[in-house]
Amino acid sequence: MILVAVLLAFLPAGQRPDCDTLRNEMRHAEVRRGREGEIRVTPTTRGQWDLALFNNLDRVTSIDVVWKELPMRLKRGSSPQVRNLFTGEDRGKVHGGFAERLEPRGCVLLRVKP
């Protein structure tokens, strides 16, 4: 996961890695596959989690992220903080989970802080 952080650090502002590169960097992460796409989850060195979401379809789709379905250690009833690592957008505390709209064959990398 350190490689993903390094990869993001050297990209020009506003640019993000292509989805194949991100998928390759997170190849050792735990994967949850669904009909529309997949979620790759890996712990960071600071007790946080990185989630990479991938749309595997040739159309816009929404990937549902439900905390209790992922292998993350969260306190029951907690609302983790979520930040988009591509855009820097802080989504604040998210209770229960969320849905992420992704472009065809698109991806996003999120940091989750319990």
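The values are calculated or read from the model by the stated rules, or taken from the named source; none is laboratory data. None of these values were measured; they are calculated from a predicted model. Here the Cβ is made from the backbone with ideal geometry for all residues, glycine too, and neighbour counts use every protein chain on show.
Couple of notes before you dig in:
- Residues in region 17-61 that are under 9 Å from Cys107 (Cα atoms) and of a type in the set (Gly, Ala, Ser): Ala52 only.
- Of residues in region 35-75 being hydroxyl-bearing (Ser, Thr, Tyr) and in a strand (DSSP E or B), the one surrounded by the most Cβ atoms within 10 Å (Cβ to Cβ): Thr61
- Residue count for region 76-114 satisfying the condition of being part of a loop (DSSP other than H, G, I, E, B), out of contact with any Pro (no Cβ under 7 Å at 6 or more places or on another chain) and on the phi < 0 side of the Ramachandran plot: 10.
- Residue in region 93-104 that is loosely packed, with under 14 Cβ neighbours inside 10 Å, modelled with pLDDT of 85 or more and acidic (Asp, Glu) present: yes
- Search result, residues across region 1-31 that are under 18 Å from Arg101 (Cβ atoms) and modelled with pLDDT of 85 or more: Cys19, Leu22
- Residue count for region 49-67 satisfying the condition of being within 11 Å of Glu38 (Cβ to Cβ) and under 14 Å from the mean Cα position of the chain (by Cα): 6.
- Any hit, region 56-67, residues being free of Cβ contacts under 8 Å to residues at least 40 places away in the same chain, of a type in the set (D, E, K, R) and over 18 Å from Pro114 (Cα atoms): yes
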